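Notes for the one structure printed next.
The values are calculated or read from the model by the stated rules, or taken from the named source; none is laboratory data. Please read these numbers as outputs of a predicted model, since none were measured by experiment. Every residue, glycine among them, receives a Cβ derived from its backbone with ideal geometry; neighbour counts consider all protein chains shown.
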C-alpha cells in the first residue's frame, strides 16, 4: 500500500508490474492503473465483505493496488487517511501490451 497527497485523487496512476520470464528472470513494465473506487474506512477493504470483493476482482482478472489518500491541506501523514483509493487494470490489457513478451507471467498469479 502506498500514500498519496493531493486536493483531489488522481484518476490514473502508474505502477510497475513484475513478470517472471520462461527462463526464470524477472522483468518489470510500468502500466497506467485507473481509479476504480474511493473507500472511506479501512474496514471496507480489510473486513470480510471487502476481502471477498478484492478476491473476486482478482479472480475476474483485475490487478489491484490500494493507496492511502491524504488531502494536501493537512500538514503531514498524521492520523488516518481521508480515504483509500483502489486502482486497477485488467490482466488482458497487461498481457496485450507491446512491451510484454510471450511466455511472461505476472508474479503472484496462480
Requested in this report: Determine if region 82-98 includes at least one residue that is assigned to a loop (DSSP other than H, G, I, E, B), farther than 16 Å from residue 19 by Cβ and at pLDDT 85 or above.
Outcome: yes
Query raised in the report: Since residue 20 meets every condition but one in (1) within 14 Å of the chain's Cα centre (by Cα); (2) under 20 Å from residue 90 (Cβ atoms), which condition does it not meet?
Result: (1)
**Report entry** Those residues of region 14-36 which are at pLDDT below 95 and more than 23 Å from residue 104 (Cα to Cα), in sequence order
**Finding:** 36
Query raised in the report: Within region 21-28, is there a residue that is surrounded by 15 or more Cβ atoms within 10 Å (Cβ to Cβ) and either touching a strand residue (DSSP E or B) at 6+ places or on another chain (Cβ under 8 Å) or in contact (Cβ under 8 Å) with a residue 24 or more places away in the chain (or both)?
Result: no
Query raised in the report: Can you find even one residue in region 47-58 that is surrounded by 15 or more Cβ atoms within 10 Å (Cβ to Cβ), touching a residue at least 40 places away in the same chain (Cβ under 8 Å) and either in contact with a strand residue (DSSP E or B) (Cβ under 6 Å, 6 or more places away or on another chain) or on the phi < 0 side of the Ramachandran plot (or both)?
Result: no
Requested in this report: For region 1-41, name all the residues that are within 12 Å of residue 85 (Cα to Cα) and assigned to a loop (DSSP other than H, G, I, E, B).
Outcome: 1, 8, 9, 10, 11, 40, 41
